[in-house]
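Colleague: Sending over a structure as structure tokens; questions will come in a sec.
The values are calculated or read from the model by the stated rules, or taken from the named source; none is laboratory data. Keep in mind that what you see is a predicted model, and the values were worked out from it rather than measured. Note: ideal-geometry Cβ built from the backbone for every residue, glycine included; neighbour counts use all protein chains shown. These area figures cover heavy atoms from the full protein model, side chains too; ligands, DNA and RNA do not enter into them. Shrake-Rupley method; radii C 1.70, N 1.55, O 1.52, S 1.80 Å.
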Amino acid sequence: MRRKIVAGNWKMNLDYTEGISLFSEIVNMVRDEKNGNQIAVICAPYIHLNSLVQLSAGVVKIGGQNCNQNESGAFTGEISAKMLKSVGCEYVIIGHSERRQYFAETDELLASKTVIALQNNLTPLFCIGETLTERNDGSYFKVLERQLDHGVFTLSAEDFSKIVLAYEPVWAIGTGLTASPEQAQEIHAFIRTKIENKYDINVANNTSILYGGSCNPKNAAELFAQKDIDGGLIGGASLKSRDFVDIVKTFNS
Ligand code: PGA
């Protein structure tokens, strides 16, 4: 059985006080209202992480939004996977399109970040997705294939089984444009078939593949009802406790 996951990505939002206040609301609401096996995660800026773990009481899991590809050393301003683990993080987002776009992160670099995250017992939430140009010119299957081949298919089956994938069409991130459930399902099924071809059917069936891109409480149910969509990576809506928890509740039994 693959895990159902709703992960919030706060990006570079919320100062320390605002973060603590929002997170406290989220924890209380998830504790009171969640009644399924779904996992709620918040991926927050570094300065929040330690405190959020203390406040989480295990009700909400905590993740970083990035880590460096090296174990440690002279990399001013960077954060290692080991540091994330040491404050109690369980997840780390790797390969978000904003990292790929604004910080020139390549598939190969992301592959090394994934390896170091796994070595430190973090679950990578590995993102892939095509731009609007790539969607319109029809090259998107090739783009996704390349991101998978170079980013995560270099892993052994055992290591690959520990990661979570997120399909995030870049044209849907923060734009209010959501992939239709059919468009998203088409890609998620494509990804699962790729995993089966690379590894085997068991690995494919056990990999959680999240959808991300303008997911909100109104469209989550229809998206998550698709057979290959196992949850969401939520940006804007994770900055509002009610919206985020309503998305988490989509999986209530
Ligand atoms: P969004 O962001 O929900 O604001 O579109 C999703 C993401 O970037 O992970």
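Colleague: Tell me, what is the FRET efficiency for Thr76 and Ser139 to the nearest 0.05, using R0 = 35 angstrom and their Cβ-Cβ distance as r?
Modeller: Result of the calculation: an efficiency of 0.40.
Colleague: Further question: Rounded to the nearest 500 deg cm²/dmol, what is the calculated helix-only ellipticity per residue at 222 nm for the chain, with -39500 (n - 2.57) per DSSP H run of length n ≥ 4?
Modeller: -13000 deg cm²/dmol
Colleague: Another question, then. Per the 1.4 Å probe, what fraction of the accessible area of segment 5-249, in percent, lies on carbon and sulfur atoms?
Modeller: Taking all protein chains in place, segment 5-249 shows 51 percent carbon and sulfur surface.
Colleague: Please turn the phi angles of segment 165-178 into ³J(HN,Hα) values with the Karplus equation 6.51 cos²θ - 1.76 cosθ + 1.60 (θ = phi - 60°), one per residue in order, whole Hz, x for glycine and proline.
Modeller: In residue order, the calculated couplings are 9, 10, 8, 10, x, 4, 5, 9, 7, x, 9, x, 8, 10 Hz.
Colleague: How far apart, in nm, are two points set 7 Å out from the Cα along the Cα-to-Cβ line at Asn197 and at Gln101?
Modeller: 2.8 nm
Colleague: Another question, then. Would you mind computing, in nm to one decimal, how far apart the modelled labels at Leu55 and Glu182 are, each placed 7 Å from Cα along Cα→Cβ?
Modeller: Label-label distance for Leu55 and Glu182, simple model: 4.3 nm.
Colleague: Computed over the Cα atoms, what is the radius of gyration of the chain divided by 2.2 N^0.38 Å, N being its residue count?
Modeller: Rg over 2.2 N^0.38 Å, computed on Cα atoms: 0.93.
Colleague: Roll a 1.4 Å probe over the protein heavy atoms and report the accessible area of Asp246 in Å², nearest 10.
Modeller: Near enough 50 Å² of accessible area.
Colleague: Please state the relative contact order of the chain as a whole percent: Cα pairs under 8 Å, 6+ residues apart?
Modeller: 23 percent
Colleague: Arrange the peptides 23-29, 114-120 so that the one whose residues have, on average, the most other Cβ atoms within 10 Å appears first.
Modeller: The densest-packed peptide leads the list: 114-120, 23-29.
Colleague: Ordering Trp171, Trp10 by accessible area with a probe of 1.4 Å, largest first, what comes out?
Modeller: From most accessible down to least: Trp171, Trp10.
Colleague: Determine the dipole magnitude for the chain: charges of +1 sit on the beta-carbon of Lys and Arg, -1 on that of Asp and Glu, nothing else is charged, the reference point is the Cα centre, and the result goes in debye to the nearest 20.
Modeller: Computed charge dipole of the chain: roughly 460 debye.
Colleague: Right, another one. Per residue, how much accessible area does the chain show when a 1.4 Å probe rolls over the protein heavy atoms, in square angstrom?
Modeller: On a per-residue basis, the chain sits at 44 Å².
Colleague: Charges on Cβ only, +1 for Lys and Arg, -1 for Asp and Glu, centred on the Cα centroid of the chain; of Val53, Leu122, Ala104, which one is farthest towards the dipole's positive end?
Modeller: Final value for the positive-end residue is Val53.
Colleague: Still on this model: Please work out the Cα center distance from segment 1-26 to segment 91-165, rounded to the nearest Å.
Modeller: 22 Å
Colleague: As a test of understanding, state the convex hull volume per residue of segment 31-170 from its alpha carbons, in Å³.
Modeller: That works out to 130 Å³ per residue.
Colleague: Follow-up question, since we're still on this one. Pull up the cross-link candidates among the aspartates and glutamates for Lys142, meaning alpha carbon to alpha carbon under 18 Å and not fewer than 8 places away within one chain.
Modeller: Of all the aspartates and glutamates, those that pass the test against Lys142 - Cα under 18 Å, at least 8 places apart if same chain - are Asp107, Glu108, Glu130, Glu134, Glu168, Glu186, Glu196.
Colleague: Here's something else I'd like to know. If r is the Cβ-Cβ distance from Ala221 to Glu25 and R0 is 22 Å, what FRET efficiency results, to the nearest 0.05?
Modeller: It comes out at approximately 0.50.
Colleague: Ordering Ser51, Ser72, Ser253 from largest to smallest accessible area (1.4 angstrom probe), what's the sequence?
Modeller: Ser253, Ser72, Ser51
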